[in-house]
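The values are calculated or read from the model by the stated rules, or taken from the named source; none is laboratory data. Source: prediction; values computed, not measured. Quick reminder, even Gly has a Cβ in these numbers, built from the backbone with ideal geometry, and neighbours come from all protein chains shown.
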Amino acid sequence: MKEKLGYVPQKDRKKILLICDDIRVHSGVATVARELVVNSAHHFNWVNVAGAIQHPEVGKRLDLSQDTNHHAGIDDSSIILYPVNGYGDTTLIRHLLQAEKPDAIFLITDPRYFIWLFNIENEIRKHTPIVYLNIWDDLPAPHYNKPYYEACDALLGISKQTVNINKLVLGDKTKSKIIKYVPHGLNENVFRPLTEGDTDWKEFNIFRKQFFKNKEYDFVLFFNSRNIRRKQIPDTMMAFKLFLDGLTSEQAKKCALVLHTDLVSDHGTDLLAVKELFFNGYEDNIIFSTDRKDSKQMNFLYNLADAQILLTSNEGWGLSLTEAMLAGLPIIANVTGGMQDQMRFENDKGEWIDFDSEVPSNHRGTYKKHGKWAFPVFPSNISIMGSPPTPYIFDDRCRPEDATERIKELYDMSISERVERGLAGREWAIGDEAGFTSEKMSNRVIEAINELFTTWKSREKFEFINTNEVKKKTLNHKLIY
């Protein structure tokens, strides 16, 4: 077996305690974590505190090393799982620090799930550094997250906006942290364009005929995400309805919107009721896909479509956009959060934009030029939402009518131009600049953690805090830009 670049023998590897979703499930967090573990198993040993809402295997210790060997292309991985409800607690972590003796703790997902861990960071970081693969959906800079960012030794920002937010919130304390840009990455050999001669071509055509019940469509728009409010699925459906209204009846019959999501959700809405309201006379133009599909079948769904749409008003990254790009699809997306990274907006020098206190996001349309695969929809309303745990955050809402224009723009293109634009997106996504692949994501994580191990100093046993000097949390970036 060919030795992988950066290979370290198992006995010499650093061990990482990964706290996130169970890497065997199909959530976005689990998908990214699984790709990270598999693609770095030659360099690190991993212990996954494998979270779920009501985990059926709580209390077990599972060894996934043999199965991982097959996927990682090595024969000596060490991957251990501890299934838990939620993400564990202080008792479990203290036990694992003693039993597994990890060299670092690695966190993924919203910081509010880890408040219990951050409360004992002083105890943990005397011996073990904390790495946080973090994301934040939107501005204003969340100064209410400052204690969580301060509790970490390395902050790996999934989006460029998140990297800037980490710096804005930490201020002077930035210099004591490792802060890196580590965008999500997926397996480009799983999510890929399918053409005649591909090993899956025959199976794909059978799938397509069954899915569409032998009906042929000229234009298919695809949505793939959860049925929750911020995903703006009714707006997506309204945009498609307005698009159909602008066609002849014969043209409209040949168009479909495929929605891979739950029909009804307490966190979202009743999509059947939305369909009934909007699509009287267009019932066959809306196709729901509700059953769980494996990665190959999901790639089939992307390959059925001409474009992917995601109009989320708050979106840290938008993993379905990445899947679509790797599958060679153009993307229609609201300009917010990490979705704007995937559209590659550029400045007047042709450089992929970064963010700072002057321009902390592009949701106001500061930059207009973007990758040819992207069809951005700029928010028409940016309002401040909030809750007690997150007192303020922008909600970036775009107009369905604006999305309709982008759908029509794609529809009016020739098939060859749509394909060419989609393939340009894939080429950029798998290249070195973007690096939205599992291997490149994992290499960035390996590099950041290795830098941490060479520079990390253990937490002081105590620190002096002048309680007479209380710094107010003030806005340190522009609100209008």
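Tabulated data
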| read-out | value |
| --- | --- |
| Any hit, the range 203-219, residues being in the same structural domain as Arg418 (by TED's automatic domain parsing), assigned to a strand (DSSP E or B) and modelled with pLDDT of 95 or more | yes |
| Every pair of residues 6+ apart whose Cβ atoms lie under 8 Å, when the first sits in the range 372-386 and is part of a strand (DSSP E or B) while the second is surrounded by fewer than 14 Cβ atoms within 10 Å (Cβ to Cβ) | Phe375/Glu409 |
| Positions within the range 353-366 being surrounded by 15 or more Cβ atoms within 10 Å (Cβ to Cβ) and under 20 Å from Ile158 (Cβ atoms), in sequence order | Ile353, Phe355, Val359, Pro360, Ser361, Asn362, His363 |
| Residue in the range 17-25 that is assigned by TED's automatic domain parsing to the domain that holds Ile108, in contact with a Phe, Trp or Tyr (Cβ under 8 Å, 6 or more places away or on another chain) and surrounded by fewer than 19 Cβ atoms within 10 Å (Cβ to Cβ) present | no |
| Residue count, the range 23-50 (criterion: touching a residue at least 40 places away in the same chain (Cβ under 8 Å) and either closer than 22 Å to Asp89 by Cα or not in a strand (DSSP E or B) (or both)) | 17 |
| Every residue from the range 43-83 that is surrounded by 15 or more Cβ atoms within 10 Å (Cβ to Cβ) and of a type in the set (Gly, Ala, Ser) | Ala50, Gly51, Ala52, Ser65, Ala72, Gly73, Ser77, Ser78 |
| Scope the range 415-449; condition within 30 Å of Gly6 (Cα to Cα) and either of a type in the set (Asp, Glu) or not in a helix (DSSP H, G or I) (or both); matching residues | Glu427, Gly431, Asp432, Glu433, Ala434, Gly435, Phe436, Thr437, Glu439, Glu447 |
| Top-ranked residue of the range 190-199 - restricted to ones that are among the hydrophobic types (A, V, I, L, M, F, W, C) and crowded, with 17+ Cβ neighbours inside 10 Å, ranked as farthest from the chain's Cα centre (by Cα) | Leu194 |
| Hey, Lys2 surrounded by fewer than 17 Cβ atoms within 10 Å (Cβ to Cβ) and either at pLDDT below 95 or assigned by TED's automatic domain parsing to the domain that holds Ser320 (or both) or not | yes |
| Pro83 being part of a loop (DSSP other than H, G, I, E, B), of a type outside the set (Lys, Arg) and either modelled with pLDDT of 95 or more or more than 18 Å from Leu156 (Cα to Cα) (or both) | no |
| Check on Glu401, of a type outside the set (A, V, I, L, M, F, W, C) and either touching a helix residue (DSSP H, G or I) at 6+ places or on another chain (Cβ under 6 Å) or touching a residue at least 24 places away in the same chain (Cβ under 8 Å) (or both) | yes |
| Qualifying residue in the range 339-346 (condition: of a type in the set (A, V, I, L, M), out of contact with any helix residue (DSSP H, G or I) (no Cβ under 8 Å at 6 or more places or on another chain), at pLDDT 95 or above and over 22 Å from Gly435 (Cα atoms)) | no |
| Verdict on Lys175 being more than 22 Å from Arg34 (Cα to Cα) and among the charged types (D, E, K, R) | yes |
| Scan of the range 337-378 for residues that are basic (Lys, Arg) and more than 20 Å from the chain's Cα centre (by Cα), ordered by number | Lys349, Arg364, Lys368, Lys369, Lys372 |
| Yes/no for Gly59 being closer than 25 Å to Asn119 by Cβ and either at pLDDT 95 or above or assigned by TED's automatic domain parsing to the domain that holds Val445 (or both) | yes |
| Scope the range 52-76; condition in contact (Cβ under 8 Å) with a residue 60 or more places away in the chain and touching an Asp or Glu at 6+ places or on another chain (Cβ under 9 Å); matching residues | Ile74 |
